[in-house]
Amino acid sequence: MNRLPKVVVLTGAGISAESGLATFRDNNGLWEEHRIEDVATPQAFSADPERVYRFYNARRAQLQDPAITPNTAHLALARLQSTLGDRMMLITQNVDDLHERAGSCGVVHMHGTLQSYRCLRSHKSVAYTSAFDSRTRCSCCNPGSPVRPDIVWFGEMPMHIERIIEALSQADIFIAIGTSGQVYPAAGFVDIARDHSAHTVELNLASASTETLFEETWQGPATSVVPAYVDKLLKAIP
Ligand code: APR
């Protein structure tokens, strides 16, 4: 019998904050500067596609800034994965690629990614890291079709949900890191995991509410608490 625990990790914007990427709902968060309904809904894309392309092109360009690098929290999760292998699922709500750059593989990007566009005709995701707009044509159709950001907007279905629910229902440990728990379905993952007897852990700068949904809570910046928690977990693994 495999004695390694099955671990599901969910990360949110807080894990990338100390790498220099803004979160959404903290002070100076992205939703203070931009209205969700202007840049992150299908209706926004229909009404003013260039504004939506500009918003995501700016975020993609920021990722190419050499100052933006994975931090010790991303690295600690890659270390955990190198011990647990396929017994760990790393789910992120983030559209950055800092987990991959830290060495994690098979990252489940439930809200999409800035590292690709989506063809509006075939709906395929195509790896692409340059800026794009309404003149860009995909490389998957002939003739090429218009493309959109490969991002899950408000009102759209997150990606890989069936796979995620299956992993949550088999998990021994569920760990949520740097997420405010305000956006469903991710906010409900803790309930699914707990209902299936997983031990639930929250690692966050500040707890989202006084009534925590988690059995164990570590408060502090991700760059401190994530490596510390991973060290504790690895020591407990036989
Ligand atoms: N270390 C740990 N946690 C932090 C840090 C840090 N250095 N800085 C901030 N946090 C925490 C905050 O306390 C907050 O709970 O990260 C969380 C960030 O919350 P949000 O800004 O709401 O980001 P997130 O939960 O990822 O948002 C979910 O909402 O707008 C959508 O699609 C977008 O994926 C995003 C989703």
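Values in this text are rule-based calculations from the coordinates and carry no lab data. What you see is a predicted model; the values in this text were computed from it and never measured. Positions of Cβ are backbone-derived with ideal geometry, glycine not excepted, and every protein chain shown enters the neighbour counts.
Hey, what did the range 98-238 get for relative contact order, percent, Cα under 8 Å, at least 6 apart?
Relative CO of the range 98-238 lands at 15 percent.
Arranged from highest to lowest average of other beta-carbon atoms within 10 Å per residue, in what order do the peptides 6-16, 137-147 appear?
Going by the mean number of other Cβ atoms within 10 Å, highest first, we get 6-16, 137-147.
Averaging sequence separations of C-alpha pairs under 8 Å and six or more residues apart, then dividing by the length of the chain, give the relative contact order as a whole percent.
Value for the chain: 24 percent.
Is it possible to state the helix-based mean residue ellipticity at 222 nm for the chain, with each DSSP H run of 4+ residues giving -39500 (n - 2.57), the sum divided by total residues, to the nearest 500 deg cm²/dmol? What is it? The partial results should precede the final answer.
On the way: 10 runs with 83 residues, N = 238.
After summing the helix terms and dividing by the residues of the chain, the value is -9500 deg cm²/dmol.
Within a Cβ distance under 11 Å of GLU202, other residues only, what is the Lys/Arg minus Asp/Glu net charge?
-2
Tell me the net charge near CYS119. Cut-off is 14 Å between Cβ atoms, CYS119 excluded, with +1 for each Lys or Arg and -1 for each Asp or Glu.
+4
With angles folded into 0 to 90 degrees, how steeply does helix 72-84 sit against the dominant principal axis of the chain? Use alpha carbons for both and round to 10.
Approximately 70 degrees, to the nearest ten.
When each pair of different Cα atoms in the range 50-164 is counted once in the 1/r mean, what is the Kirkwood radius in angstroms, to one decimal?
15.3 Å
Report the gain in length on full extension from GLN43 to TRP31: 0.36 nm times residue separation, minus Cα-Cα distance, nm rounded to one decimal.
Result: 2.6 nm gained on full extension.
Along the Cα→Cβ direction, 7 angstrom out, place labels at ARG51 and ARG137. What is the inter-label distance in nm?
So the label points at ARG51 and ARG137 sit 2.9 nm apart.
How much length is gained if the chain between GLU211 and ASP65 is pulled fully straight, taking 0.36 nm per residue apart and subtracting their Cα-Cα distance, in nm to one decimal?
Length difference between fully extended and current span is 48.7 nm.
Once you have the Cα-Cα distance between VAL183 and GLU162, take 0.36 nm times their residue separation minus that, and quote the gain in nm to one decimal.
Roughly 5.8 nm would be gained on extension.
Over the range 1-119, calculate the relative contact order: mean separation of alpha carbon pairs under 8 Å at least 6 apart, over the residue count, as a percent.
Here the relative contact order equals 30 percent.
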